[in-house]
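The values are calculated or read from the model by the stated rules, or taken from the named source; none is laboratory data. Note that this is a predicted model, so its numbers are computed, not measured. Heads up, the Cβs are rebuilt from the backbone with ideal geometry, glycines too, and the neighbour counts pull from every protein chain shown. The accessibility values were calculated without ligands, DNA or RNA, using every heavy atom of the protein model including side chains. Shrake-Rupley method; radii C 1.70, N 1.55, O 1.52, S 1.80 Å.
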Amino acid sequence: MRLLVSNDDGIRSPFLHALVSALRSAGHELFVVAPLHEQSWTGASKCRHRPVASARAEHGLDVPTWTVDGTPADCVNIALAHLLPGGIEAVDGVVSGINLGLNTTLGFINASGTVAAAWEGALHGLPAVACSQDLSYDEWRHLTSGGPLDALPSTRATLEASAAHAARLAGEFISSTGREKFVVHNLNFPNPCTAASEVVRTVPARVVVPKLFSPAADDGTHRFVFSDAIDRSPPGLVTDKTTVAAGKISHSILDYTRL
């Protein structure tokens, strides 16, 4: 297949590079268009109030690669309209990720730049897959502070397993979904993840997420502070949150035609 790959952690993310490597090993032809800088928590926003720059880049991915100084949604929109040779007809689908951290539950999916890149593909009528990796706080802190992945051998092993699953599942989902279905396949990988990790069909957990900002400081500003979601899912519901916590791969189908 011919696939457009993007993410929200930026072009230098080792998790993007692992996904690209796995997709190439699976035989897919790739184009990468990723944010120049990290764009986590930007959701489906687009840079309406400033110009956005795109540039051909070489980041060791060995596939045609561009950066966009904007959001994940900007990346996919600009890629399909202006960057890919042949435009939208050049690709069969969009794959986004692998994100550093989960994108589960109703409280966080809509805020996710990773999911938004996939959704932008779906808005163009393309099958789309979003991929995210559970991490411990220490792993996340190390990686987002610029620490090398090689310093975390168990994290690297999990990432390689997750990327292999992502490459296999993306091929299956994109070929079976077809165009203009307006759905996103949302994959979340457990930590640890292995080749034997089971895939489970799930739905997003129903959560509330209060107090994501600090009280006002002396200058009147509020700072973003991460807050754990409070799960309000009905008993017996097979959710993305509980599935990943049980060590299994969560596969939720986000069907935007049912909204």
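Relative to the present Cα-Cα distance, how much length would full extension add between residue 144 and residue 230 at 0.36 nm per residue of separation? Computed gain between residue 144 and residue 230 is 28.4 nm.
If you wrap the tightest convex hull around every Cα atom of region 126-176 and split its volume per residue, you get 82 Å³. Note that region 184-259, at 10 °C in a medium of 1.306 mPa s, gets a Stokes-Einstein diffusion coefficient of 109 µm²/s from its Kirkwood radius over C-alpha pairs. For the chain, the solvent-accessible area works out to 46 Å² per residue, with a probe of 1.4 Å and every protein chain left in place. Evaluating kT/(6 pi eta Rh) at 10 °C and 1.306 mPa s, with the Kirkwood radius of region 126-241 over Cα pairs in the Stokes-Einstein relation, gives 93 µm² s⁻¹.
The alpha-carbon of residue 241 sits under 20 angstrom from the alpha-carbons of these aspartates and glutamates, leaving out residues fewer than 8 places away in its chain: 134, 138, 139, 198, 228, 231, 255.
Rounded to the nearest 500, the 222 nm mean residue ellipticity of the chain from helices alone is -8500 deg cm²/dmol, with -39,500 (n - 2.57) taken per DSSP H run of at least 4 residues.
Backbone phi angles across region 46-51, fed through the Karplus curve with coefficients 6.51, -1.76 and 1.60 (θ = phi - 60°), yield HN-Hα couplings of 10, 7, 6, 9, 8, x Hz in residue order; Gly and Pro are listed as x. Could you list the GluC sites (Glu not before Pro) in region 58-140 that lie in coil according to DSSP, counting only those with at most 16 other Cβ atoms within 10 Å of their Cβ? Sparse-neighbourhood loop GluC sites (Glu not before Pro): 58.
Measuring max minus min along each principal axis, the C-alpha atoms of region 75-125 give extents of 36, 19, 16 Å (largest first). Kirkwood-type hydrodynamic radius, region 31-115: 13.5 Å, calculated from all non-identical alpha-carbon pairs.
Divide the volume of the convex hull around the Cα atoms of the chain by the residue count and you get 139 Å³ per residue. Filter the chymotrypsin sites (Phe, Trp or Tyr not before Pro) in region 1-91 to those in DSSP coil with at most 15 other Cβ atoms within 10 Å of their Cβ, and list the result. The qualifying sites are 41. With contacts taken as Cα pairs under 8 Å at a separation of at least 6 residues, the chain carries a relative contact order of 19 percent. Label positions at residue 110 and residue 89, each projected 7 Å from the Cα along the C-beta direction, are separated by 3.7 nm. For region 159-256, GluC sites (Glu not before Pro) meeting the loop criterion (DSSP other than H, G, I, E, B) and having at most 13 other Cβ atoms within 10 Å: 180, 198. With a 1.4 Å probe and all protein chains left in place, how much of the accessible area of region 113-174 comes from carbon and sulfur atoms, in whole percent? Roughly 55 percent, rounded to a whole number.
Surface calculation, 1.4 Å probe, protein heavy atoms: residue 193 sits at approximately 10 Å² accessible. Where in region 8-40 is the amide nitrogen less than 13 Å from a point lying 7 Å along the Cα-to-Cβ axis of residue 136? Flagged as within label range: none.
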